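Colleague: A single structure is presented below for examination.
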Amino acid sequence: MTQTLADRPSFDADTTAVAAHEVARRFGEGDTAVDALQGVELSVPIGQFTAVMGPSGSGKSTLMHILAGLDRPTTGTVTIAGHEVTALGDRQLTLLRREHVGFIFQFFNLLPMLTAEENLTLPLRLAGDKVDDDWTQELLEKVGLTDRRKHRPSELSGGQQQRVAIARALVNRPTILFADEPTGNLDSRTGEDILRLLRDSVDTYKQTTLMVTHEPRAAAMADRILFLADGRIVRDVGRSSATDVLAVMEELART
Amino acid sequence: MLRVALRGLLGRKLRAVLTALAVILGVAMISGTFVLTDTINKAFDSLFTDSYAGTDVVITGAQAFETDFGQPPPFEESLFEEVQEVDGVDAAVRGITDFAQLTDKDGGPITTGGAPTLGFGLDAENPAFERFNPLVLVDGEWPVGASEVAIDPGTANDEGYVVGDTIGVRARGPVEDFEIVGIAKFGSVDSIGGATVAYFSIEEAQVLFEKDGRLDGIQIAAEAGTSASELISRIEPILPEQTEAVTGEEQAQEDSSDVEEFTSFIQYFLLAFGGIALFVGAFVIFNTLSITVAQRTREFATLRTLGGSRQQVLGSVIVEAFVIGFLASVVGLFLGLLLALGLNAVFVEFGIDLPTSGTVFATRTIVVSLIVGTLVTVLAGIVPALRATRVAPIAAVREGATPPAGRFAKFAPLFTVLMVAAALALVLVGMFSNALGTGLALGLIGLGVVLLFVGVALVSARLVGPIAAVVGTVSVRIGGTPGRLARDNATRNPGRTASTAAALMIGLTLVTFVAVIAEGLTSSVRDAIDEQLSADYAIVSEDGFTPFEPGVDSTLASEETLTVSPVRGENARALIDSSTGQGAVDAQLTGIDPATITSAYAFAWDEGSDATAASLGETDAVVERNFAEDNGLRVGGTFQIQGPSGDQVELTVAGIYDAPEFWGMLGEVSVPIDTFDGLIDGPRNLYTLLLAEGGASEATTMELAQLLAVDFPGIEIDTQSDFKDRFEQNVSQFLNLLFVLLALSVIVSLFGMVNTLILSVFERTRELGMLRAVGMTRRQARRMIRHESVITALIGAAIGIPLGVGLAAIITVRLSDQGFAFSVPWDKIVIFAIVAVIAGILAAVFPARRAARLNVLRALQYE
Ligand SMILES: Nc1ncnc2c1ncn2[C@@H]1O[C@H](COP(=O)(O)OP(=O)(O)OP(=O)(O)O)[C@@H](O)[C@H]1O
Ligand SMILES: [Mg+2]
């Protein structure tokens, strides 16, 4: 029962994976209102690995949720693969997610009753697509879990669980993959493995990826780094070293 | 998606099993009811089919109308010779059918608890006997001579009788001794229930039942080539008045359809309790699924982010409910086979012992049980499933996200109020509108009560806080800090506590309701007896209402110190042809002794006086006020009264009196005994009222008991208070039966409480770990859970018991014009509250143990 989305081209869908225009998000009302995002303008080209950084409470997660269509902006528009997400209903959003969006979570969010392999293929099954055994095999090899395919999440380490989650996010070859602090819950060595895996998928599959992180070393793996402060994009830089990233962070913290 | 649902179910086995238990019991009740009633029906069917197996045509006495206890009149035996002359008749046998009380080895009555004490005359010496005989001789031989009897094997076994023993038999007169010459059973029936059966020769039966030269039936076999209907048309011309001829098949069908009416009543009665248990089960399922859905918010949200649609989420919860429901129904279906045995045992215990043969497991039983059980579960799962669809994908990343309220949530309070109002309206309309048929009225009331329960359950979420505050103070007092935590936990999620308590509430409401009604019933009867009975003693049959042979009267009359006033009773019809009359109406006819009745019965005269009754002439009648008003009868007016035989007498109204609306001890029409006996074949007494010199006393009671013990086993001697107690006993026996059946729903709600507690413990694992880490002992943890459970149970009681009293009050108001009194049995209500506390303690046993066993370290790491 594969369904496709009615095309609504706006941006150049051939080169732009996701774009935000004039996005603002306000939580609450009146005195207690919080402006989590203000006037965000952003375009992520296909194949780019973008890192989002910023102090706690700067709006990173909020931005990611809105770009992924999980949350709606108070004003402004978001476009994924040419579809204006902000105009879609629940049904169409579901179809959009099946086709274009992948998620990696801080807490892995694997279904405990399914095996690693079943978790991996779940998005395809939900979409009613055929499971491509070669592709599944390839992903399992890529994340190094071929011999753990029949294991339940509770029988896997945190790093292994996150690798299953990465494979799951890649399985439907999404236009864009979102990751909110994917290494936040892992030790630094395991975290590094995960980051290398993400980098690798960008290089091998041209997998557009947008990752929220706190760690300069993680950001240093990305092609582009966005810095947020008080709900605004305050810096937008290309590939940088961890030291440079740290410098920018400190500079932002001072202002 | 199916896999997600099924795997999820496997991952939550304990929960699934506990949820399933809520359905299993209800389904078992339904399946057990069908199995039991089908089995009973089949036993009766084969009893009757066997009885007429070799019979083409049956001749019996015919009644103008059916009566509660009466029998068709016997006919002249000469018909037997005449029938055999009819062309096409191959063979025929005679039959006598009546009632005979048997005695045990000590000379006391063999009690049957309401089952018949049958007595038959067998034409055993007739060469054609075996052609017609449905009986099988287990031991000995057929009775042929005087003072010979054969009995059924059940009675023989129970009482230790063997062939050659002597047994006492009481029919019309005092007990007589008989020799047991045989033990005989019905061919294919295992047990004929609680009934006793005695077989005699035709001649002996004619003497015993005072049917000299008369018969109750003739069974006829046609010659080959003659059809039953052909034969009937040839026999009919020679049939005397008040007899009829039907085919054996028709007779068997007619007999079993009478019985089926009774068993189908039992069936509906028991199904109602199965339905109640399922309804309570639905609450439990609803609650369990709601909690699980809430706990799986993150899981559903993740599914949504991975591309799962709302329908898929909905489907996964529904599938889960379906699988639980279906598996539970299958288990319940088979458990029903066992339960059927249990139900039968309960019925036997309460004096309803019915025949059984091989267990009948009909397709209908399977289909209905499976469909009903599955459907109820799925329906109960719909709301939680819809709630699951409202989980937004963002809940996958946001801690503590709760599903947003539905579109109509803001109308919920209004909706709840409207629902309760509509429910009450339905109940009231059903009860007070006279325009509706009984079926429709009952349907409206039933629907109203169901809605009322749902509505009250919804409202009760708001009552949880206040009630918990009140009952919780006790917990705080005796439970200390754990008690305080328990109270706070109970109010933490009022909706959840409310619907857990609601399951118990339903059971308690119904239990309270029947207890209040029963109390009203007994106090109404007591009042009615107080108003009417002025005699010192009432002589009655064992159950207090089955008419008995009047032979006892002459024995009593021989005592000089006694004034004996027999009261006969039978169903009759009154034919009224005044302008306001309505033609033939049913009328309870009693025969009274004019000379003594006014000292035994206190008439409340509208017109006339005790002198009117004392001087009642042969064709005079005393008429009850309502009957007189309904039929436009005045003193001096006349009407016809017709007995079951069709005979009629013209009566003149001599007096009109007012009997208590609730229960008149006399019939609507009372005539002198002689008139009664002239009209009714085999007249019997409802009671024999006695006045003793010096009133009732222990000594007199003893004397009377001695006087009647030997000759009249099974006849009871009641003082006024015994007489009242006898009715109370009947009511309380039935009440206990209802309690046993309602206990099933209470047990189901218990599972619901266990379920909720386990889920709460599971949900609060981390918190419990923290409490244990900061110094809560295992004992305190257990106590905390136990108190939470008891508080929940008491919330159920605090709502259920007043609701039950309220519903009973509504019914009482409805029945107040029939003299129904409202009386609250406070002692029972206190017991119900205690039962609720015990239920709470029981429900907490397992969850409390789980909570106490938590590994502190692991609980803190629990994610
Ligand atoms: N659901 C919500 N309701 C109200 N305020 C919110 C909500 N979600 C986020 N906020 C507020 O919006 C602001 C941005 O939050 P956000 O979670 O995007 O920050 P973040 O950059 O991801 O921080 P962190 O690095 O700590 O994860 C914060 O001030 C936060 O309090
Ligand atoms: Mg964040």
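The values are calculated or read from the model by the stated rules, or taken from the named source; none is laboratory data. Keep in mind that what you see is a predicted model, and the values were worked out from it rather than measured. Here the Cβ positions follow ideal geometry from the backbone for every residue, glycine too, while neighbour counts run over all protein chains shown. Each accessible area value is taken on the protein alone, full model and side chains, heavy atoms only, with ligands, DNA and RNA left out. Shrake-Rupley method; radii C 1.70, N 1.55, O 1.52, S 1.80 Å.
Colleague: I'd like the trypsin sites (Lys or Arg not before Pro) in the stretch B:619-701 restricted to DSSP loop residues with at most 16 other Cβ atoms within 10 Å, sorted by number.
Modeller: Taking the stretch B:619-701 and a limit of 16 other Cβ atoms within 10 Å, the loop trypsin sites (Lys or Arg not before Pro) found are B:634.
Colleague: Of the beta bridges DSSP finds with both residues in the stretch B:611-658, what % are antiparallel, to the nearest 5?
Modeller: Working: 5 of 10 bridges.
Given both bridge residues lie in the stretch B:611-658, the antiparallel proportion sits at roughly 50 percent.
Colleague: Select from A:247, A:231, A:208 the residue farthest towards the positive end of the dipole of the stretch A:135-250; place +1 on Cβ of Lys and Arg, -1 on Cβ of Asp and Glu, and compute about the Cα centre.
Modeller: A:208
Colleague: Right, another one. So what is the relative contact order of the stretch B:74-241, in percent, for Cα pairs below 8 Å that sit 6 or more residues apart?
Modeller: Working: 328 pairs, mean separation 59.1, N = 168.
That works out to 35 percent.
Colleague: While we're looking at this one, here's another question. State which entries of A:150/A:206; A:130/A:206; B:13/B:410; A:206/B:13; A:60/A:142 exceed 32 angstrom in Cα-Cα distance in the structure shown. Could the numbers behind the result be given before it?
Modeller: Numbers: A:150/A:206 29 Å; A:130/A:206 23 Å; B:13/B:410 36 Å; A:206/B:13 44 Å; A:60/A:142 29 Å.
As for pairs spanning more than 32 Å Cα to Cα, those are B:13/B:410; A:206/B:13.
Colleague: Per 0.36 nm of contour for each residue apart, how much would the distance between residue B:163 and residue B:778 grow if the chain were fully extended, relative to their Cα-Cα spacing? Provide the component values of the computation, followed by the final result.
Modeller: On the way: separation 615, 0.36 × 615 = 221.40 nm, distance 6.79 nm.
Stretched out fully, the residue B:163 to residue B:778 stretch lengthens by 214.6 nm.
Colleague: Search the structure for amide H atoms under 5 Å from the amide H of residue A:37, placed 1.01 Å from N in the peptide plane, and list their residues when 5 or more places away or on another chain.
Modeller: Correct list: A:25.
Colleague: Place the peptides B:54-65, A:27-38, B:227-238 in order of packing, highest mean first, counting for every residue the other Cβ atoms within 10 Å and averaging per peptide. Working shown, then result.
Modeller: Values: B:54-65: 21.8, A:27-38: 13.1, B:227-238: 15.8.
Listed from highest to lowest mean packing, they are B:54-65, B:227-238, A:27-38.
Colleague: As a test of reading the structure, rank B:545, B:662, A:105 by solvent-accessible area (1.4 Å probe, protein chains only), most first. Don't skip to the end; give the middle numbers.
Modeller: Details: B:545 110, B:662 55, A:105 5 Å².
Highest to lowest solvent-accessible surface, that is B:545, B:662, A:105.
Colleague: Moving on. Treat every Asp and Glu Cβ in the protein assembly as shown as -1 and every Lys and Arg Cβ as +1, leave all other atoms uncharged, and give the resulting dipole magnitude about the Cα centre to the nearest 20 debye.
Modeller: Values: 81 positive and 135 negative charges, 2829 e Å.
With Lys and Arg at +1 and Asp and Glu at -1, about 13580 debye.
Colleague: Partner chain Cβ atoms within 10 Å, averaged over the residues of A:112-123 - can you pull that number for me?
Modeller: Numbers: counts 4, 11, 5, 1, 0, 0, 3, 2, 0, 0, 8, 5.
Mean number of neighbouring Cβ atoms from other chains: 3.
Colleague: Quick one: if the Förster radius is 25 Å, what FRET efficiency do residue B:736 and residue B:341 give, using the C-beta to C-beta distance and rounding to 0.05?
Modeller: Details: r = 19 Å, r/R0 = 0.78.
After rounding to 0.05, the efficiency reads 0.80.
Colleague: Stretch residue A:196-residue A:15 to full length: gain in nm at 0.36 nm per residue minus the Cα-Cα span?
Modeller: Numbers: separation 181, 0.36 × 181 = 65.16 nm, distance 2.44 nm.
Once the chain is fully extended between residue A:196 and residue A:15, it gains 62.7 nm.
Colleague: Indicate the gyration tensor shape class of the stretch B:74-241 (rounded, prolate or oblate), computed on the Cα atoms with a ≥ b ≥ c the square roots of the eigenvalues: a/c under 1.5 is rounded; otherwise a/b larger than b/c is prolate and the rest oblate.
Modeller: Values: a/c = 2.31, a/b = 1.84, b/c = 1.26.
Here the stretch B:74-241 falls in the prolate category.
Colleague: Okay, next question. Enumerate the helices in chain B for which the Kyte-Doolittle hydropathy averages 0.5 or more and the C-alpha atoms extend at least 24 Å along the helix's axis, using complete DSSP H runs. Before the final figure, lay out each step's value.
Modeller: Details: long enough: B:13-51 (54 Å, 1.01); B:248-295 (67 Å, 0.59); B:310-349 (54 Å, 1.74); B:363-389 (38 Å, 1.61); B:412-432 (29 Å, 2.45); B:438-492 (55 Å, 1.16); B:494-532 (54 Å, 0.71); B:720-763 (62 Å, 0.92); B:778-815 (55 Å, 0.77); B:826-853 (41 Å, 1.40).
Sorted by number, the helices that extend far enough and score high enough are B:13-51, B:248-295, B:310-349, B:363-389, B:412-432, B:438-492, B:494-532, B:720-763, B:778-815, B:826-853.
Colleague: Given a cut-off of under 8 Å on Cα pairs at least six residues apart, what relative contact order in percent is computed for the stretch B:549-713?
Modeller: Values: 320 pairs, mean separation 53.2, N = 165.
About 32 percent, as a whole number.
Colleague: Once you keep just the Cα pairs under 8 angstrom separated by 6 or more residues, what percentage relative contact order results for chain B?
Modeller: Values: 1664 pairs, mean separation 145.9, N = 863.
Relative contact order for chain B comes out at 17 percent.
Colleague: Let me see the pair-distance distribution of the protein assembly as shown: every alpha carbon pair, 10 Å bin width, integer percents in order.
Modeller: Percent of pairs per bin, in order: 2, 8, 13, 15, 15, 12, 9, 7, 7, 6, 4, 1, 0.
Colleague: Further question: With a/c under 1.5 counting as rounded, go ahead and sort the stretch B:499-586 into rounded, prolate or oblate using the C-alpha gyration tensor (a ≥ b ≥ c being the square roots of the eigenvalues; past the cut-off, prolate if a/b is larger than b/c, else oblate). Please list the in-between numbers first.
Modeller: Numbers: a/c = 3.04, a/b = 1.53, b/c = 1.99.
Oblate, because a/c is 1.5 or more while a/b does not exceed b/c.
Colleague: Can you list the trypsin sites (Lys or Arg not before Pro) in the stretch A:188-217 that are in a DSSP coil and have 12 or fewer other beta carbons within 10 angstrom?
Modeller: Values: sites: A:189, A:196, A:199, A:206, A:217; in loops: A:206.
Sparse-neighbourhood loop trypsin sites (Lys or Arg not before Pro): A:206.
Colleague: On to the next question. Under 5 Å between amide hydrogens, which residues at least 5 positions from residue A:175 or on another chain qualify, with H placed 1.01 Å from N in the peptide plane?
Modeller: Counting only residues 5 or more places away or on other chains, the set is A:100, A:101.
Colleague: Sticking with this one: State, to one decimal in nm, how far the label point of residue B:855 lies from the label point of residue B:648, with both points 7 Å from Cα in the Cβ direction.
Modeller: Calculated label separation equals 9.2 nm.
Colleague: Still on this model: If you filter the stretch B:1-93 for GluC sites (Glu not before Pro), then keep DSSP loop positions with at most 12 other Cβ within 10 Å, what is left?
Modeller: On the way: sites: B:66, B:76, B:77, B:81, B:82, B:85; in loops: B:66, B:77.
Filter output for the stretch B:1-93: B:66.
Colleague: Here's another thing I want to ask about it. Count the DSSP beta bridges whose two residues both fall in the stretch B:74-241, then state the antiparallel fraction as a percent rounded to the nearest 5.
Modeller: On the way: 27 of 37 bridges.
Antiparallel bridges make up about 75 percent of those DSSP assigns within the stretch B:74-241.
Colleague: On to the next question. Indicate the gyration tensor shape class of the stretch B:641-688 (rounded, prolate or oblate), computed on the Cα atoms with a ≥ b ≥ c the square roots of the eigenvalues: a/c under 1.5 is rounded; otherwise a/b larger than b/c is prolate and the rest oblate.
Modeller: It comes out oblate by the Cα gyration axes.
Colleague: Using only helices, what value at 222 nm comes out for the protein assembly as shown when you add -39,500 (n - 2.57) per DSSP H run of length 4 or more and divide by the total residues, to the nearest 500 deg cm²/dmol?
Modeller: On the way: 33 runs with 576 residues, N = 1118.
Mean residue ellipticity, 222 nm, calculated: -17500 deg cm²/dmol.
Colleague: Something else: Counting only complete DSSP H runs, which helices of chain A cover 24 Å or more along their long axis at the Cα atoms and score a mean Kyte-Doolittle of -1.0 or above? Walk me through the numbers before you get to the answer.
Modeller: Values: long enough: A:188-205 (25 Å, -0.67).
Helices meeting the criterion: A:188-205.
Colleague: List the residues, sorted by chain then number, that are 5 or more residues from residue B:620 or on another chain and whose placed amide H is less than 5 Å from its amide H.
Modeller: Excluding prolines and chain starts, which carry no amide H, the hits are B:652.
Colleague: Which aspartates and glutamates, on any chain, are close to residue B:828 with Cα under 20 Å apart, when same-chain ones fewer than 8 places away are left out?
Modeller: Here the aspartates and glutamates satisfying the reach criterion relative to residue B:828 are B:519, B:725, B:728.
Colleague: A follow-up question, please. Let me know the charge dipole size of chain B about its Cα centre in debye, to the nearest 20, where only the beta-carbon of Lys, Arg (+1) and Asp, Glu (-1) is charged.
Modeller: On the way: 53 positive and 99 negative charges, 2606 e Å.
I would put it at about 12520 debye.
Colleague: Any idea how far apart residue B:816 and residue B:488 come out in nm if each label point goes 7 Å out from Cα toward Cβ?
Modeller: Distance between the two pseudo-spin positions: 4.9 nm.
Colleague: Which FRET efficiency value, to the nearest 0.05, is calculated for residue A:141 and residue B:3 with the Förster distance at 30 angstrom and r the Cβ-Cβ distance? Walk me through the numbers on the way to the answer.
Modeller: Numbers: r = 24 Å, r/R0 = 0.80.
Efficiency at R0 = 30 Å is approximately 0.80.
Colleague: Just to be sure I understand the model, the point goes 7 Å from the Cα along the line to the Cβ. What's the resulting residue B:478 to residue B:435 distance in nm?
Modeller: Result: 5.4 nm between the two label points.
Colleague: Ok, one more. Which one, B:256, B:184, B:329, projects farthest toward the positive side of the charge dipole computed for the protein assembly as shown from Cβ point charges (K/R +1, D/E -1)?
Modeller: Farthest towards the positive end: B:329.
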